[in-house]
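The values are calculated or read from the model by the stated rules, or taken from the named source; none is laboratory data. As the structure is a prediction and not an experimental result, all values here were calculated from the model. Here the Cβ positions follow ideal geometry from the backbone for every residue, glycine too, while neighbour counts run over all protein chains shown.
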Amino acid sequence: MNRRRFISQTSLTSFATILGADIVFGNNLPKGYTPLALQDTDPFKLFDKDSGMSVLNNKPWNIEAKAHLLDDKVTPNKYMFIRNNGLIPENIDAKSWKLTIDGESVSKPKTYTLDELKSKFQHHTYQLTLECGGNGRSEFNPPAKGNQWTVGAVSCANWTGVRLKDVLQDVGFKENAVYIGYHAADIHLSRNPEKEPISRGVPMAKALQDETLLAFQMNGKDIPLVHGYPLRLIAGGWPASASGKWVNRLSIRDKVHDGAKMTGTSYRVPCEPVAPGEKVADEDMCIIESMPVKSLITYPKSGAIIKKGQALNIRGHAWAGELEVQSMEYSIDFGSTWHSCSLQKPANRLAWQNFSASINHFPKKGYYEVWARAKDSNGKSQPMLLPGWNPKGYLNNACHRIAIKVS
Ligand SMILES: Nc1nc2c(c(=O)[nH]1)N[C@H]1C(S)=C(S)[C@@H](COP(=O)(O)O)O[C@H]1N2
Ligand SMILES: [Mo]
């Protein structure tokens, strides 16, 4: 090999393939230099997302949907929000990917290759709601630091994988097991390999549910890189931070997992309501478990105009963490009176439910808002406006509202 060539012949060939043209003076490219045309960080192209999505941050990448983009019953990749705490892992090789199960409460640590997981255990597919604990954060006052999610950090895709419980039972664990904690291949923003961007988990009872998966497919295809390829933990109905992407190690713990973002104000809220802005002692903070009841009007888009006498057909989804949604209502008079929507059963436990209504009682021309409100199977409804303030702005499940003009 000519020593004057700064860049390897293989990377030159692969650059040329991606560019669809030969790099004429390619042999002069300095080592480690990526041609400008390949430095494209257009996130929509990079992650195969719809250009209507909103980028909240690019380091790390955080991208959300808008309500009307979430109209599909099963969320396609192009409308799925991205929430990263660190940098996306580089050079993933699914062939050599391994998952190690260890921890204080494992009977004996065990490592599986991805192929072993796929061939040894039965596959299951569930449609599962994943909502970021911080979805809706932008509305809190005093404001909470972090990505200013509006309503679009929620998805409900089909996930295929093996049941975590089948794997945990195959490995074996002690009676004192209380929690599982995930470890993943993503990179801390500081690039310090000793630090993990995030390492969360769930109690054993959640880990052992039928729907808790070690997933390798999303919507029938390999999981897209940004969503956790090649292996992801999925714990539907809980803050999506419990669903570790790029998982390569699971620890069976004899105590509540104490990984990155399990303590302090991360994914924890005051156990009892506090006044907005109040300081909360560490011991008065509780880990978020099942997400609260919530809903989203996905059609029409806010700002729609209809003619007087014309019916307004609305539709959307409702979900309630571990619970089912019992009923769904809408209001056109700022919450003074409510009318029922028709509500479907979920595709399976922990999937969102579709609702619809035909509204034909707008009394006259003018500006209206349609507010939607879901009630869970315990009889708890969404608050009309903001729920309880908390330091990091989690769990805003206020009613979704769209503007309508009758002309
Ligand atoms: N390894 C790893 N897993 C992770 C995260 C992360 O940064 N790294 N973010 C978590 C958070 S906070 C959320 S809301 C979801 C987002 O999943 P998505 O990007 O596939 O929509 O992934 C969770 N799993
Ligand atoms: Mo999140």
Failed condition for E283, given (1) touching a Ser or Thr at 6+ places or on another chain (Cβ under 9 Å); (2) away from ligand 1 (no atom under 13 Å from the Cβ), with all others met? (1)
Quick one: is G220 within 16 Å of ligand 2 (Cβ to nearest atom) and either touching a residue at least 12 places away in the same chain (Cβ under 8 Å) or surrounded by fewer than 24 Cβ atoms within 10 Å (Cβ to Cβ) (or both)? no
Hey, among the residues in the range 112-159 that are among the hydroxyl-bearing types (S, T, Y) and within 16 Å of the chain's Cα centre (by Cα), which one's nearest to L69 (Cα to Cα)? S155
For K145: the one exception among (1) within 16 Å of ligand 1 (Cβ to nearest atom); (2) crowded, with 17+ Cβ neighbours inside 10 Å; (3) assigned by TED's automatic domain parsing to the domain that holds A177: (2)
Residues (small (G, A, S) and within 14 Å of ligand 1 (Cβ to nearest atom)) located in the range 55-84: A65
Complete set of residues in the range 91-142 that are within 16 Å of ligand 2 (Cβ to nearest atom) and surrounded by fewer than 21 Cβ atoms within 10 Å (Cβ to Cβ): S138
Subset of the range 213-224, residues more than 10 Å from ligand 1 (Cβ to nearest atom) and either assigned to a strand (DSSP E or B) or of a type in the set (D, E, K, R) (or both), comes to L213, L214, A215, F216, Q217, K221, D222
The one condition in (1) surrounded by fewer than 18 Cβ atoms within 10 Å (Cβ to Cβ); (2) closer than 25 Å to L250 by Cβ that L46 fails to fulfil: (2)
Is one or more of the residues making up the range 225-240 hydrophobic (A, V, I, L, M, F, W, C), part of a helix (DSSP H, G or I) and either over 19 Å from the mean Cα position of the chain (by Cα) or closer than 30 Å to S107 by Cα (or both)? yes
Could you please let me know if K95 is within 21 Å of the chain's Cα centre (by Cα), more than 11 Å from ligand 1 (Cβ to nearest atom) and at pLDDT 90 or above? no
Restricting the first residue to the range 119-142 and requiring it to be more than 30 Å from K95 (Cβ to Cβ) and assigned by TED's automatic domain parsing to the domain that holds G393, which pairs with a second residue that is of a type in the set (A, V, I, L, M) and modelled with pLDDT under 95 meet a Cβ separation below 7 Å and a spacing of at least six or different chains? none
Which condition from (1) surrounded by 22 or more Cβ atoms within 10 Å (Cβ to Cβ); (2) within 12 Å of ligand 1 (Cβ to nearest atom) is the one that L87 breaks? (1)
Hand me the list of strands (runs of 3 or more DSSP E) wholly inside the range 119-212 holding 3 or more residues that are touching a Gly at 6+ places or on another chain (Cβ under 6 Å) and closer than 18 Å to S241 by Cα. 179-184
Residue among S51, S14 that is assigned to a helix (DSSP H, G or I) and not assigned by TED's automatic domain parsing to the domain that holds Y229: S14
Test: residue in the range 248-259 that is in a loop (DSSP other than H, G, I, E, B), more than 19 Å from V178 (Cα to Cα) and either of a type in the set (A, V, I, L, M, F, W, C) or away from ligand 2 (no atom under 16 Å from the Cβ) (or both): no
Does at least one position in the range 315-332 carry a residue that is touching a strand residue (DSSP E or B) at 6+ places or on another chain (Cβ under 8 Å), more than 25 Å from C132 (Cβ to Cβ) and not in a strand (DSSP E or B)? yes
Among L213, L208, which is the only one that is away from ligand 2 (no atom under 16 Å from the Cβ) and touching a helix residue (DSSP H, G or I) at 6+ places or on another chain (Cβ under 6 Å)? L208
